[in-house]
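Derivation of every value follows stated rules applied to the coordinates shown; laboratory data play no part. Computed from a prediction, not measured in an experiment: that's the story for all the values here. Please note: Cβ atoms are built from the backbone with ideal geometry, for glycine as well, and neighbour counts cover all protein chains shown.
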Amino acid sequence: MAWVNRNIDWLVMTFLVAAWGSAFAGLKIAVEDIHPYWTSAGRLWVASGVLWLLCAARGEQLPAVSLGRDSPWVWFAVLGLVGMAIPFFLFATAATSLPSAVNAICNGASPVFTVAMAHIFLADEKLSGRRLLGVLLGFSGLVVLVGPRLLAGVTIEAAALGLAIGAAFLYAASNVITRKAPQVSSTAGALMMCFSGAVLATVGALVLEGPPAVPPLRGLAVVTALGVVSTGLGTVGYVWLIQRRGPVFTAMTIYLVPLWATALGIGLMGERPGWSAFAALALILGGVALTNARWRKA
């Protein structure tokens, strides 16, 4: 038990890597059966149900609903939009054209975006020379990933890459916003975030796509798994970890997510990413390592 208490941050991070890294393979399967918009909305509703049960089991009460400037509901509704509804739409749409490993590599750039935003908006997360080098290295990885496709013209795949990178940027924004949001329990914060995201995603799906068709059993099972594990329980871990250690430490989770997702994509999905994907992965992870490493003085 003492060992667990000492290493709880790293254990939560390990769970997040497995949950989020596996989500890209699951998403690739889900969008074959269910429209990307309804895949996103469905996983958020499932996650909201799981989190409501957790709150009820723990006897937690949600904050009173209000629209004041300091209301937790306002902050977490913004997080539900910026950190869930819109990025889920973007990643799900990108999954129809991109291998799951490439989708995850784009997501791997979010720590680089996080460090850059934290420098601007958080007083205690300023860029050092090393972090600046890491940011530049990470962005060079995105150029390597996107550049060859843009040179070939604005194709569907190039547009999908743009969607995935945009989603990573929004994830980074949500990291910073969460740090400034009112403090609530991790379960309550995750529930408010998922419920707000589910409502907003459903409205968006109805407007953009219309009512959903009856989903096949396989797609329904995958969306349910995504909602329970990666979105529901994963969001609890995310809110808990970012409140405990801050956005830059939490962003290190993404350091291993692309590796896990690439291994699953190659091993289970039969994907074969091109050289630019592996080069981009190396550059992005190198950038994340530089932005997050703690150097010890001799």
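Can you tell me how the range 1-145 classifies by the Cα gyration tensor, rounded, prolate or oblate, using a/c under 1.5 as the rounded cut? Please report the intermediate quantities before stating the final value.
Values: a/c = 1.44, a/b = 1.10, b/c = 1.30.
It is rounded, given that a/c, with a ≥ b ≥ c, falls under 1.5.
Here the Karplus curve 6.51 cos²θ - 1.76 cosθ + 1.60, taken at θ = phi - 60°, turns the phi angles of the range 33-45 into couplings of 10, 10, 4, x, 5, 7, 4, 5, 5, x, 5, 6, 5 Hz, with x standing for Gly and Pro. A simple rule links phi to the HN-Hα coupling: the Karplus curve 6.51 cos²θ - 1.76 cosθ + 1.60 with θ = phi - 60°, which for the range 185-194 gives 5, 4, 5, 5, x, 5, 5, 4, 5, 5 Hz, with x for Gly and Pro.
Could you order peptides 204-215, 8-19 by the average number of other Cβ atoms within 10 Å of their residues, highest first?
Working: 204-215: 12.8, 8-19: 17.2.
My ranking of the peptides, most packed first, is 8-19, 204-215.
Between I266 and A221, what is the FRET efficiency for a Förster distance of 25 Å, r being their Cβ-Cβ separation, to the nearest 0.05? Each step should come with its number before you reach the end.
On the way: r = 23 Å, r/R0 = 0.93.
About 0.60, to the nearest 0.05.
From most to least packed by mean Cβ count within 10 Å, the peptides 116-128, 67-79 give 67-79, 116-128. The stretch between R245 and L136 holds 36.8 nm of extra length on full extension. This uses 0.36 nm per residue minus the Cα-Cα distance. Residue by residue, the range 60-67 carries 3J(HN,Hα) couplings of 8, 9, 6, x, 4, 6, 8, 10 Hz when phi is fed to the Karplus relation 6.51 cos²θ - 1.76 cosθ + 1.60 (θ = phi - 60°); x denotes Gly or Pro.
Over the residues of the chain, the helix contribution to mean residue ellipticity at 222 nm works out to -24500 deg cm²/dmol, using -39500 (n - 2.57) for each DSSP H run of at least 4.
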